Amino acid sequence: MDPAALETEARSAIAAAGSAVELESARVRYLGRNAELPRALRQVRDRETGQALNALRARLERAFGERRAELEGAELELKLTADVVDVTLPGRPAPRGRLHLITQIRREIEDIFLGLGYQVVDGREVETAYYNFTALNMPSWHPARSPLASLYLDSETLLRTETSPSQIRVMEATGPPVYMVSLGRVYRRDTPDATHVPIFHQVEGLAVDRGVTLADLKGTLLHLMRALFGEERQVRFRTHYFPFTEPSIEPDVSCFLCDGGGCSVCKHSGWIEMGGAGMVDPELYGFVGYDPEEVSGFAFGLGLERIAMLRHGLPDLRELWENDLRLLRQF
């Protein structure tokens, strides 16, 4: 090996390297483990040759380091020049969040009843069996009290199955007249399908005053339905039974999908059940100290998810909770 020729050749390769990648390739070629100079150093047998070759390696390593610094500086300068930020350009708009459809409907219903002079009350999601069942006149044998239908935390505490317990608490705390609505999540052991989910939202309303009649209830519900669905949707009332109202009715709205013709969503009836309503059973007044001879009242409960389904043509309630932005961004 000719050290002088090797140094000349290596310095030429260093000078010719135009990037850090090319320089590293040259370094491996002349100083790598299998390069000619390291192999010669491993075979040295005399001191003078070893010192000369070590000095050559040191000079080449220094030359490679200096050239690497030059290239990195040039690359940095080029990057700083090319990547100049034009501060006069408009910024990229940040994506904005929006209210969930159920929250939108909840606020709209609150506004409707505030306009009618009602009080909006937030109830407890964890309730006692007394307020959730007993004070609502549900007998001990009622199916809703079964652990197969409700989500109990212990023998006397459960996740509320409706927002009605807040009505009992309000009547306990204040005397008549009472005009209130309570909106929020409720929990039941329902099998999910197109029109049922185990966690959903309700609006429950209560009006107790002198001279309140069933006609007042129907007028209130018709006003609500027309405000939510428009004049084109048909509304009907059917007699029913609920432990806490007598007489009891169920409001139905004509199916949005088949327009009353019958389909799988409305179970081929042409109508979608919205909830329950009726005149407050006089037995309930005994739990809160009201005189049923002096006052009367009505109560109602509607599902917010059902309202969303009817207003926007959703074929399946479960779609509301799958967090698919393609659906949610439409609202």
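Listing for the model above:
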item	result
Computed label-point distance, nm, for sites HIS196 and ASP2 using a 7 Å Cα→Cβ extension	9.6 nm
Scattering profile of region 3-82 at q = 0.11, 0.17, 0.18, 0.25 Å⁻¹ [log10 I(q)/I(0), Debye over alpha-carbon scatterers]	-0.33, -0.67, -0.73, -1.16
Tilt relative to the chain, helix 101-115 - C-alpha long axis, 0 to 90 degrees, to 10	40 degrees
Sequence-distant residues sharing a close amide H with GLU246 (under 5 Å, placed H)	MET279, VAL280, ASP281
In sequence order, calculated HN-Hα J values of region 68-75 (Karplus, 6.51, -1.76, 1.60; Hz; x Gly/Pro)	5, 5, 4, 5, 5, x, 5, 5
Prolate/oblate/rounded label for region 165-298 (Cα gyration tensor, a/c 1.5)	prolate
Contour minus Cα-Cα distance for ARG62 and CYS258 (0.36 nm per residue)	62.2 nm
Top of PRO147, PRO243, PRO95 by mean-square fluctuation, Gaussian network on the chain, Cα under 10 Å	PRO95
Chain lengthening between VAL44 and GLU246 when straightened (0.36 nm per residue, less Cα-Cα)	61.7 nm
Bins of 10 Å, starting at 0 and running to the largest distance - Cα pair percent for region 101-328	8, 33, 38, 19, 3, 0
Derived scalar couplings ³J(HN,Hα) [region 142-147; Karplus, 6.51 cos²θ - 1.76 cosθ + 1.60; whole Hz; x for Gly, Pro]	4, x, 5, 7, 6, x
The chain, helix-only ellipticity at 222 nm - DSSP H runs n ≥ 4, -39,500 (n - 2.57), divided by all residues, nearest 500	-12500 deg cm²/dmol
Degrees, to the nearest 10: 214-229 long Cα axis against longest axis of the chain	30 degrees
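Every number in this text was worked out from the coordinates using simple rules, so none of it is lab data. Just so it is clear, the structure is predicted and the values come from calculations on it, not from any experiment. Cβ: placed from backbone, ideal geometry, glycine included. Neighbour counts: every protein chain shown.
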